[in-house]
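Step one of this worksheet: look at the structure below.
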Amino acid sequence: QVQLVESGGGSVQPGDSLRLSCAASGGTISTSFMGWFRQVPGKDRRFVAAIDPVGMNAYYQNAVKGRFTISRDNDKNTLSLQMNSLEPNDTAVYYCAAGTSVRTAMRQYDYDSWGPGTQVTVSS
């Protein structure tokens with residue numbers, strides 16, 4: 001299966017922007033649904049955004065609609081998440097995921113491969 005590694009996390013102030021990247025190796029992601037999930041200590045990992053294999057349709061958690069944009073570059077085997085107007089509640093470890101048989105974009109069990117995560121901290 002494909003291996004995934006996230007990058008681009010860091011510490012920023014409310015209102016700032018951050019762009020996360022996910023690099024895939026060991027296989028192509030061109031036939032996979034791709035998603036971003038996030039998790040804070042003591043809570044379940046939750047859906048953030050997803051994009052279909054050809055990059056035509058995108059799906060978002062209501063809390064990030066209008067602020068986050070998911071995109072992919074199948075030629076470069078990468079996935080991105082542009083995060084604008086960041087809020088303290090966006091603080092979490094962000095995970096990249098890939099799935100070959102995804103039917104419900106926000107269901108994490110539909111995904112096959114996961115990255116180790118990257119930390120995003122939003123504070124004043």
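The values are calculated or read from the model by the stated rules, or taken from the named source; none is laboratory data. This one's a predicted model, so the numbers in the text were calculated from it and none came from an experiment. We place every Cβ from the backbone using ideal geometry, glycine too, and count neighbours over all the protein chains shown. When the accessible area is computed, the model is the full protein with side chains, heavy atoms only, and any ligands, DNA or RNA have been set aside. Shrake-Rupley method; radii C 1.70, N 1.55, O 1.52, S 1.80 Å.
Annotations for the structure displayed:
- Per residue solvent-accessible surface (Å²) - the chain, probe of 1.4 Å: 52
- Phi-derived couplings, Karplus 6.51 cos²θ - 1.76 cosθ + 1.60 at θ = phi - 60°, listed residue by residue for the range 51-63: 9, 6, x, 9, x, 8, 10, 10, 10, 9, 5, 4, 5 Hz, with x used for Gly and Pro.
- Per-residue surface analysis assigns THR104 an accessible area of about 60 Å², computed on protein heavy atoms at 1.4 Å probe radius.
- Virtual spin-label span in nm between THR121 and ASN62, 7 Å along Cα→Cβ: 3.1
- Accessible area per residue (1.4 Å probe, heavy atoms of protein chains only) ranks LEU86, LEU18 as LEU18, LEU86, with the largest value leading.
- Only protein atoms count toward the accessible area here, which uses a 1.4 Å probe; on the chain, the carbon and sulfur part of that area reaches 46 percent.
- Note on ARG107: accessible area approximately 130 square angstrom, rounded to 10, probe 1.4 Å, nucleic acids and ligands left out.
- Relative contact order, percent, the range 15-124 [alpha-carbon distance under 8 Å, six or more residues apart]: 32
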